[in-house]
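Report on the structure given below.
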Amino acid sequence: MVKCPKCGSENVELVKSWELAPRGRKPVKVGLFKCQQCGAFFRKGIKE
Ligand SMILES: [Zn+2]
């Protein structure tokens, strides 16, 4: 479960996600999340 780094709430919404593929590395999926509690935006890697 994704938690807000500011307030620790799990009430977060996935705003968008994209793939980050550094050269020579495995692509990683990253999501932009918005906390419904305090309104903070933060990025986090998404494990599948
Ligand atoms: Zn928060």
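Here are a few things to note about the model shown:
- Leading residue by the ranking (farthest from the ligand (Cβ to nearest atom)) among those in the stretch 1-28 that are of a type in the set (Lys, Arg) and loosely packed, with under 14 Cβ neighbours inside 10 Å: Arg23
- Gln37 falls short on exactly one of the conditions (1) in contact (Cβ under 8 Å) with a residue 24 or more places away in the chain; (2) more than 10 Å from the ligand (Cβ to nearest atom); (3) over 13 Å from the mean Cα position of the chain (by Cα), and that condition is (2).
Read-outs throughout are calculated quantities, based only on the coordinates presented, and are distinct from any laboratory measurement. These numbers come from a predicted model, not from an experiment. Don't worry about glycine lacking a Cβ; one is built from the backbone with ideal geometry, like all the others, and counts go over all protein chains shown.
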